[in-house]
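Following: one structure in structure tokens, then a few remarks.
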């Protein structure tokens with residue numbers, strides 16, 4: 001029994017050495033198991049983050065702006081330094097303006113994608129194939145890294161993992177924070193769950209979104225001239241100060257040399273800013 005055990009052990013050792021030698025001769029390597037890649041978090045469009053280029057550009061714009069204000073209203077370096085911390089409010093305001101522009105672009109791209117989606121459904125494609133076909137169409141119209149192409153690829157990837165398309169649509173509406181996308185996702189989800197006429201429901205929903213988009217474009221066209229007038233009127237007070245300072249040197253010196261004059265100029269600046277913000281608020285009409 002002991003002899004048999006010794007022969008068995010030697011055979012196993014020989015087989016192990018032979019297997020090791022074969023690996024060395026053939027260049028076989030032990031492959032380590034790779035850890036699954038972490039899925040990147042999906043974009044949330046609730047806030048707008050300035051890119052480095054946008055941040056530097058807006059910072060330089062603010063520095064130039066407060067430099068002009070400091071010269072025209074105070075003629076003082078101290079005023080420039082005191083106004084410098086306001087760059088944070090200026091950056092926040094610019095982020096809000098750019099976020100509104102991005103929202104309009106997202107609405108337009110989503111409407112175009114849903115029109116393509118509706119066309120594919122009418123041609124007999126399933127909802128899943130219609131989404132994939134829309135990706136190809138949107139890449140021809142917009143850039144490959146635009147909002148709608150990116151999100152349609154996310155939806156297509158989710159469908160390949162057997163996630164319901166209505167759930168993916170609803171998630172897009174939640175992350176986009178846009179009423180049009182959320183309403184479409186809700187109607188689409190109800191139609192899928194209840195087994196309704198998906199083509200007719202999609203067509204009616206897209207038609208409603210298209211009418212809202214046309215109304216927004218009409219309002220924007222009407223307000224374009226008024227916004228231009230507001231911008232011109234906003235530059236007039238600074239233009240008057242610059243004109244008086246250049247044509248009549250010393251005429252405004254009392255406004256910069258004592259406390260009362262500086263207080264009056266501060267009140268004028270405050271009224272000027274309030275009027276500008278108020279006018280911009282009036283022009284901000286949302287449909």
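Confirm whether residue 183 is within 26 Å of the chain's Cα centre (by Cα), assigned to a helix (DSSP H, G or I) and surrounded by fewer than 19 Cβ atoms within 10 Å (Cβ to Cβ).
Yes; evaluated as a whole, the condition is true for this residue.
Identify the residue in region 186-205 that is free of Cβ contacts under 8 Å to residues at least 12 places away in the same chain and not in a loop (DSSP other than H, G, I, E, B) and, among all such residues, is surrounded by the fewest Cβ atoms within 10 Å (Cβ to Cβ).
Filtering region 186-205 for residues that are free of Cβ contacts under 8 Å to residues at least 12 places away in the same chain and not in a loop (DSSP other than H, G, I, E, B), the one surrounded by the fewest Cβ atoms within 10 Å (Cβ to Cβ) comes out as 194.
Hey, residue 85 hits all of (1) under 30 Å from residue 235 (Cα atoms); (2) surrounded by 14 or more Cβ atoms within 10 Å (Cβ to Cβ); (3) without any contact (Cβ under 8 Å) to a residue 60 or more places away in the chain but one; which does it fall short on?
Going through (1) under 30 Å from residue 235 (Cα atoms); (2) surrounded by 14 or more Cβ atoms within 10 Å (Cβ to Cβ); (3) without any contact (Cβ under 8 Å) to a residue 60 or more places away in the chain one by one, residue 85 breaks only (2).
Looking for whichever is over 30 Å from residue 132 (Cα atoms), modelled with pLDDT under 90 and surrounded by 11 or more Cβ atoms within 10 Å (Cβ to Cβ) here; the options are 265, 233. Which one fits?
Answer to the selection: 233.
Within region 149-185, can you find the residues that are without any contact (Cβ under 8 Å) to a residue 40 or more places away in the chain and at positive phi?
Of everything in region 149-185, just one residue is without any contact (Cβ under 8 Å) to a residue 40 or more places away in the chain and at positive phi, namely 162.
Going by what's in this entry, would residue 176 be described as under 30 Å from residue 47 (Cα atoms), more than 27 Å from the chain's Cα centre (by Cα) and surrounded by 14 or more Cβ atoms within 10 Å (Cβ to Cβ)?
No, not satisfied.
Identify the single condition in (1) outside any helix (DSSP H, G or I); (2) modelled with pLDDT of 90 or more that residue 144 does not satisfy, given that it satisfies every other one.
Looking at each condition in turn, residue 144 falls short on (2).
Can you tell which of 287, 271, 219 is under 37 Å from the mean Cα position of the chain (by Cα), surrounded by 11 or more Cβ atoms within 10 Å (Cβ to Cβ) and not in a helix (DSSP H, G or I)?
287
So which residues in region 13-61 are over 25 Å from residue 104 (Cα atoms) and modelled with pLDDT of 50 or more, if there are any at all?
60
The values are calculated or read from the model by the stated rules, or taken from the named source; none is laboratory data. Just so it is clear, the model here is predicted, and its values are computed rather than measured. Note: ideal-geometry Cβ built from the backbone for every residue, glycine included; neighbour counts use all protein chains shown.
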